[in-house]
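The values are calculated or read from the model by the stated rules, or taken from the named source; none is laboratory data. All figures in this text were calculated on a predicted structure; none of them were measured in a lab. Here Cβ is always computed from backbone atoms with ideal geometry, including for glycine, and neighbour counts include all displayed protein chains. With ligands, DNA and RNA removed, areas are computed over all heavy atoms of the protein, side chains included. Shrake-Rupley method; radii C 1.70, N 1.55, O 1.52, S 1.80 Å.
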Amino acid sequence: MPFIRITVLGPTLEPEQIGRLQQGTTDLMTSVMRKPLEGTSVLVERVSQGGWSIAGTPVDVAAQVDATIGLGTNTPDEKARFMAEMMELLRAVLGRELREETYVTFHEVDHGSYGRGGLTRGERDRRRNVP
């Protein structure tokens, strides 16, 4: 954990843009949010069909960021800083026309409700603390 899904509507994303979003998001997770590099996953998806509107008006460029993190592992200030810097990253990659109504949402999950490698985070922590 964490898992970050970035959904983008706009022109075709070049591999370099996807790489910038993935690396920039990973860097923010490890620095601002204090997450370990291992286990940090970033998925960049492009909406190719359908439409996106903001306030009832269709837009050509839009993004949504959903970040799943462990419950209680970050302060409100860390989350606010991540959101601000994530918006800067999105605008740097996708363009200045990206609107203010670009949401970054944290989903905080109890340590017993997620895991990797077949072990919950709670079990992984328990095994790490057993002598």
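For the stretch 5-131, the relative contact order is 29 percent, taking Cα pairs closer than 8 Å that sit 6 or more residues apart in sequence and dividing their mean separation by the residue count. FRET efficiency for the pair Asn129 and Ser31, taken as 1/(1 + (r/R0)^6) with r the Cβ-Cβ distance and R0 = 25 Å, rounds to 0.45. The residues of the chain expose, per residue, 58 Å² of accessible area to a 1.4 Å probe.
Relative contact order for the stretch 1-56: 57 percent, from Cα pairs under 8 Å spaced at least 6 residues apart, divided by residue count.
Using heavy atoms of the protein chains and a probe of 1.4 Å, the accessible area assigned to Thr12 is about 90 Å². Note on exposure: Met1, Met87 ranked by accessible area (1.4 Å probe, complete protein assembly) read Met1, Met87, with the most exposed listed first.
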